[in-house]
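The values are calculated or read from the model by the stated rules, or taken from the named source; none is laboratory data. This is a predicted model, so every value here is computed, not measured. When we count neighbours, we look across all protein chains shown, and the Cβ atoms used for this are built from the backbone with ideal geometry, even at glycine.
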């Protein structure tokens, strides 16, 4: 529990990928302006504003905030739906590979496990890419050393992983990734890998 709280605190205060650098200047300016008005008030200078002068801008600002909040939530929800679709698709593909692909010997079984690990690595690489994080040890355990080193130097690592999956499937001696449509419950899937 303590580690999770510490991690949350680090995420809350990190600047990379945060909106804080974009709004910091305006926030400091508004704070200094408020301090200036407060200072004038304490020095008995007239800083009054008519009541109706702020009513209409407040209504407009309130509506603007409502629309922006709704738009931001819609963007978040769309991203969440896309991520859920990705996870479900990868899970279904992994299930299809595990069940429908026949392993003739131990080498084919190892190739199949490597292909499944690469599917998981694709999701993790996509997560890290979307968060603008660099490739880290989370992927190192899932990928062979040479592929992991290649990914570290790439600008868009998730693009490289599917081609690595095809290479893994094609390197099998018994055609591990050639799935016949008769063994699949739905024949609408493409059998080209």
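Yes/no matrix, rows are residues, columns are (1) loosely packed, with under 10 Cβ neighbours inside 10 Å; (2) modelled with pLDDT under 85; (3) within 20 Å of the chain's Cα centre (by Cα); (4) over 22 Å from residue 134 (Cα atoms):
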position	(1), (2), (3), (4)
6	no, yes, no, no
9	no, yes, yes, no
13	yes, yes, yes, no
16	yes, yes, yes, no
23	no, no, no, yes
27	no, no, no, yes
38	no, no, no, yes
41	no, no, no, yes
44	yes, no, no, yes
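Taking the criterion of being over 30 Å from residue 16 (Cβ atoms), assigned to a loop (DSSP other than H, G, I, E, B) and either free of Cβ contacts under 8 Å to residues at least 40 places away in the same chain or touching a helix residue (DSSP H, G or I) at 6+ places or on another chain (Cβ under 9 Å) (or both), the residues of region 87-140 that qualify are 101, 102, 103.
Does at least one position in region 46-65 carry a residue that is exposed (fewer than 10 other Cβ atoms within 10 Å of the Cβ) and touching a helix residue (DSSP H, G or I) at 6+ places or on another chain (Cβ under 9 Å)? The answer is yes; a qualifying residue exists. Would you confirm whether or not region 88-100 contains a residue that is under 19 Å from the mean Cα position of the chain (by Cα) and surrounded by fewer than 11 Cβ atoms within 10 Å (Cβ to Cβ)? Within region 88-100, one or more residues are under 19 Å from the mean Cα position of the chain (by Cα) and surrounded by fewer than 11 Cβ atoms within 10 Å (Cβ to Cβ). Annotation: of all residues in region 141-159 being in contact (Cβ under 8 Å) with a residue 12 or more places away in the chain and either over 22 Å from residue 17 (Cβ atoms) or in contact with a strand residue (DSSP E or B) (Cβ under 7 Å, 6 or more places away or on another chain) (or both), the one that is surrounded by the most Cβ atoms within 10 Å (Cβ to Cβ) is 143. Can you find a residue that is under 33 Å from the mean Cα position of the chain (by Cα) and in contact (Cβ under 8 Å) with a residue 40 or more places away in the chain anywhere in region 64-81? Among the residues of region 64-81, not one is under 33 Å from the mean Cα position of the chain (by Cα) and in contact (Cβ under 8 Å) with a residue 40 or more places away in the chain, which makes the answer no.
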